[in-house]
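Visitor: Quick one: structure below, then a few questions.
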Amino acid sequence: MDWYVFTFLTQDGLTTGAIYALIALALVLVFAVTRVILVGQGDFVTLSALTLATLQAGKTPATVWLLLGGASLVCVKMLAAAAREGRLAQAPRILLMQMTLPCVLALVCWLVEPATLPGALKVLLSIVIIAPLGPVLYRLVYQPVAQASVLQLLIISVAIHIAVIGISLWIFGAEGFRTLPFTSGNLDLGEVSISLQSVLVIGIALALIVALYLFFGHTLYGKALRATAFNQRGAQLVGVPTDLAGSHAFLLAAIIGAVSGILIGPITTLYYDSGFLITLKGFVAAIIGGMASYPLAAAGAFLVGLLESFASFWVSAYKEVIVFTLVLPVLLWLSLTTHHVEEEQH
Amino acid sequence: MQRKLMLPLGLSLALALLGPLLLPDYQVTLVNYIGLYSIVALGLVLLTGIGGLTSFGQAAFVGIGAYSTAVLTTALGLSPWLGLLVGLGLTGLIALVLGMLTLRLSGHYLPLGTLAWGLSIFYLFGNLPHLGGYGGINNIPTVSLLGWELSDARDFNVLIWLVIAAVIWLISNLLDSREGRAIRALKYGTVMTEAMGVHSGRSKLVIFVVAALLAALSGWLYAHMQRFVNPTPFSINMGIEYLFMIVLGGAASLLGAIFGATLLTVLKQWLQDLLPQLFGQGGNFEMIFFGILIVLCMQYARAGLWPLISARLPKRAGGTPAPPDLDTPPLPRREALPEHAVLLRADGVVKRFGGLVANNNMNLQVNSGEITALIGPNGAGKSTLFNLLSGVLPPSAGEIHFRDQRIDQLSSRRINALGVSRTFQHVRLVPDMTVLENVSLGAHRRGHAGLLRTCLHLERGEEGALLAEAARQIERVGLGEHLLDEAGNLPLGKQRIVEIARALCADPYLLLLDEPAAGLRHLEKQALGALLRRLREEGMGVLLVEHDMDFVMDLADHVVVMEFGEKLASGLPHAIQENPAVMAAYLGGAE
């Protein structure tokens, strides 16, 4: 391997590693707050990239109808609950809160010719369509079973992921998509040539990671979310609304997923079902962080990215095997070092 | 034979014998596939519904079973039976390694590990040399069994459903045994089982390996029935489908596995015909359907669909099992100890939780043939000390000795083996097992039958002795009338007494009782006091945490008072009652 290939592979590995880091952070975040292992995290990535690709092709993305449908179901559930509890006076407020954004987005997509939108607006529109899917997912699927065991929640996650890739195949078809690159420039540093695209991806990913760190470490609401993660009942007792916390964790996860989709779209060809492998690589990173540590998970993600990049150069057919086999030594290390005491069950 | 076994066994035997005679070709093939899926699903029921663990990687184990025999019989021309052995051996080995890596961690690492492993093995099947790539391996030979050549689907129909009948028999034998009770207790947490001397990690490993072996067996049958293998049926999606089968059917019952496998297979066939007519081609609409169906199932019928159906089936009378035969010779006991010998000694024990010091420099001694009471206000650190003494938590500093052995770094299981048995402040019974079964968990270490003998029910002599011992202890604590009641249905006070019987089943030298009298009525408290006095006379040492002062002062030979994690006073009951520091602690500064 020569110097050129080496720098290319390193760059490639760091770029995808940055995406995996974002995915890993979202997984750790959602798990910490809701105990849900969000297998569908990668699906936010593909849905947002494919939505952008559809917009760039000048067509209306069907994900907006998915959002409209999901939000309507949430509304029906909330209205039914309000009716049962005799709070029907709240109906207009529920409708307003839940339906405004989806309806506005649907109107925009319906009235505006996508081809006429400037590139940045297409990106923004994709993110704004995908992000609310997070809370919709939480309210429809997870909130009714918030007390279920981690294992039951995991089975639900897998089931909903299977449904989502079915829907994704239906609306996007089986062929792969790649979105337009943000920039095609290169940064020449002597013998090393760095693509601006990579710099942009890594930069935005790092910025997001720092923003999350500041949010959780230095804002009251971030701390409240962490408290929920630590002890749900305790947080509830001191006035943290835990249902809202779950919904917001899913919103954050969906935003992170949507942004990741925009970032990865120009680098990799994505198919309707690519999300699963993306999630799993995020998992490998999150497992390296013991499903609890944000910095370790991020470091693990870069390791996964590099490993994948170099493996695809040397033994392309085995690159997935190598990445997933990395889990084994990590699990061994975890199982030798952690003294797991189960929580008291009441 | 147990009555609840009659339906599943009858069903599979009927399908084995009558299926090939009565069904048309298409249905025979369908029933074969349902059977192959059912074998995998039965393993998953043991693992998930009963053991509380989950795997998404069962399809990969099926693949190992199928590919092992495919390679050995085609490339090397060896016997399919050797293929079966190698497939099972390889699968067992992989499951063992994977299990040992993940089972010590919290519950979600195993499914995540199997997800990653299931994906890896799928790519390996497609890419390893000599496995035929994604095209697969052709011309796998047929199997012959004692001169019976299994050449078509009808032959396999017989074999597959005979195998299922055998699997059902073996699994229910396993569940109805000492090992089985340890497995059934797993999903309620391992603190209790470990304290009863059960090696819970081993139980988890056993069910994971058994489930993997069943999957490999299904793979072997598949390879010789199809006479062709390729990677597709062993993908992670199939692994997920196996799990869906038992979630849909009913994860905790053997019939639920077969019902779920049938439902999913038939529904899938039907939807694959129907949905494209409604929504057009080019979709995979049944995936959307099944995904949503599973979510709804988890939201509204978490136990699966089979329990809903079986609740409507007519109940047959006489379903209760017979109580154990009390004339069975008793189990061997530990050698007796001299009276008033030192059993347990704690010296300078400290326990910190982060910045909180729950126990500070605690000293304590318990002698044989004496009742020592540990009292103190709420939050004084009594339960923490109990957990340190019984090995549930390791102390931060200090030493604990039991007889002449240092035990502060031992696990609760090892401490139980030395002769220390305990109850819990928050009752830890397995609610869906009978009182008899719960109590016999305490005698776990007094049985020795291995897995194979258990599955074949060759350990009935030992089993009878264990159950008889449990029944005697239940009689002794005065709960004889509740012998065969489900433990979860008893009032809380009686559940505490069940815990005492369970602790006694271990034939301990030292009994640790955490608030045994809480929730008892007056007469029940008197009976408990009488029982503890009898145990004292027999030479047992008792350490008691209790809030009821009358009860304690009446009973105890020695009282230790704790406050703020430290020892406040110790001595004879009447001296403690007059101790001004103790009165201040209890009455809030009586000066």
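Visitor: What does the structure give for A:308-317 when I average, per residue, the other chain Cβ atoms found within 10 Å of the residue Cβ?
Guide: Average neighbour count from other chains, rounded to a whole number: 1.
Visitor: Can you list residues from other chains, or at least 5 along the same chain, whose modelled amide H is less than 5 Å from the amide H of residue B:343?
Guide: B:366, B:367, B:368
Visitor: Now for a different question. How crowded by other chains is B:242-249, given as the mean number of beta carbons from other chains within 10 Å of each beta carbon?
Guide: 2
Visitor: Between residue B:21 and residue B:547, what length in nm is gained on full extension when 0.36 nm per residue of separation is reduced by their alpha carbon distance?
Guide: Extra length available between residue B:21 and residue B:547 comes to 182.3 nm.
Visitor: Write out the GluC sites (Glu not before Pro) in region B:487-573 meeting two conditions: DSSP loop, and at most 14 other Cβ atoms within 10 Å of their Cβ.
Guide: B:538
Visitor: Could you check which residue among A:336, A:196, A:22 shows the biggest mean-square fluctuation in a GNM of chain A with a 10 Å Cα cutoff?
Guide: Highest fluctuation among the options: A:336.
Visitor: If you count, for each residue, the other Cβ atoms within 10 Å and average over each peptide, how do B:25-38, A:128-141 line up from highest to lowest?
Guide: Going by the mean number of other Cβ atoms within 10 Å, highest first, we get A:128-141, B:25-38.
Visitor: Provide B:268, B:382 in ascending order of the number of other Cβ atoms located within 10 Å of each residue's Cβ, fewest first.
Guide: Lowest count first: B:268, B:382.
Visitor: Considering only C-alpha atoms, what is the centroid distance from region A:297-323 to region B:242-279, in Å?
Guide: Taking the Cα centre of region B:242-279 as reference, the centre of region A:297-323 is 36 Å away.
Visitor: With a ≥ b ≥ c the root eigenvalues of the C-alpha gyration tensor of region B:1-102, is it rounded (a/c under 1.5), prolate (a/b larger than b/c) or oblate?
Guide: It comes out oblate by the Cα gyration axes.
Visitor: Further question: By how many nm would the segment from residue A:199 to residue A:186 lengthen if fully extended, with 0.36 nm per residue of separation less the alpha-carbon distance?
Guide: Between residue A:199 and residue A:186, full extension yields 3.7 nm more.
Visitor: At a threshold of 8 angstrom on Cα-Cα distance, excluding pairs fewer than six apart, so keeping six or more, what relative contact order does chain A reach in percent?
Guide: Value for chain A: 38 percent.
Visitor: Can you tell me the dipole magnitude for region B:130-247 around its Cα centre, using point charges on the Cβ only (Lys, Arg +1; Asp, Glu -1), in Debye to the nearest 20?
Guide: It comes to approximately 380 debye.
Visitor: Same structure again: For region B:551-560, in order, what is each residue's ³J(HN,Hα) by Karplus, 6.51 cos²θ - 1.76 cosθ + 1.60 with θ = phi - 60°, in whole Hz (x at glycine and Pro)?
Guide: Per residue, the Karplus-derived 3J(HN,Hα) values read 4, 5, 5, 5, 9, 6, 8, 8, 10, 10 Hz.
Visitor: Excluding same-chain residues fewer than 8 positions from residue A:319, which aspartates and glutamates have a Cα within less than 17 Å of its Cα?
Guide: Cross-link targets: A:12, A:308.
Visitor: To the nearest 500 deg cm²/dmol, what mean residue ellipticity at 222 nm is calculated for the protein assembly as shown from DSSP H runs of n ≥ 4 alone, each contributing -39,500 (n - 2.57), summed and divided by the residues?
Guide: That comes out to -19500 deg cm²/dmol.
Visitor: A follow-up question, please. Quick check on packing: order B:51-57, B:462-468, B:296-302, A:176-182 by the mean number of other C-beta atoms within 10 Å, highest mean leading.
Guide: B:51-57, B:462-468, A:176-182, B:296-302
Visitor: Also, I was wondering about something else. Which residue, chosen from B:431, B:360, A:99, occupies the Cα position most advanced towards the positive end of the dipole of the protein assembly as shown, where the dipole is computed from +1 (Lys, Arg) and -1 (Asp, Glu) charges on Cβ about the Cα centre?
Guide: A:99
Visitor: At a Förster distance of 45 Å, what's the computed FRET efficiency of residue A:103 paired with residue B:312, Cβ-Cβ distance as r, to 0.05?
Guide: Taking R0 as 45 Å, the efficiency between residue A:103 and residue B:312 is 0.50.
Visitor: Amide H of residue B:563: which non-local residues (sequence gap of 5 or more, or other chain) have their own amide H closer than 5 Å, using H built in the peptide plane?
Guide: For residue B:563, whose amide H was placed from the backbone, the distant partners under 5 Å are B:568.
Visitor: Mean-square fluctuation check for chain A, GNM, Cα pairs under 10 Å: which of A:197, A:41, A:90 is largest?
Guide: Looking only at A:197, A:41, A:90, the largest GNM fluctuation is found for A:90.
Visitor: In peptide A:325-335, what is the residue-averaged number of other protein chain Cβ atoms found within 10 Å of each Cβ?
Guide: 5
Visitor: Still on this structure, please answer the following. What ranking of A:142, A:4, B:222, B:586 emerges when the number of other C-beta atoms within 10 Å of each C-beta is taken as an exposure proxy, fewest first?
Guide: Ranked by crowding around the Cβ, least crowded first: A:4, B:586, A:142, B:222.
Just so you know, all these numbers are worked out from the coordinates, no wet-lab data involved. Please read all numbers here as calculations on a predicted model, not as lab measurements. Every residue, glycine as well, gets a Cβ built from its backbone with ideal geometry; the counts of neighbours run over all protein chains shown.
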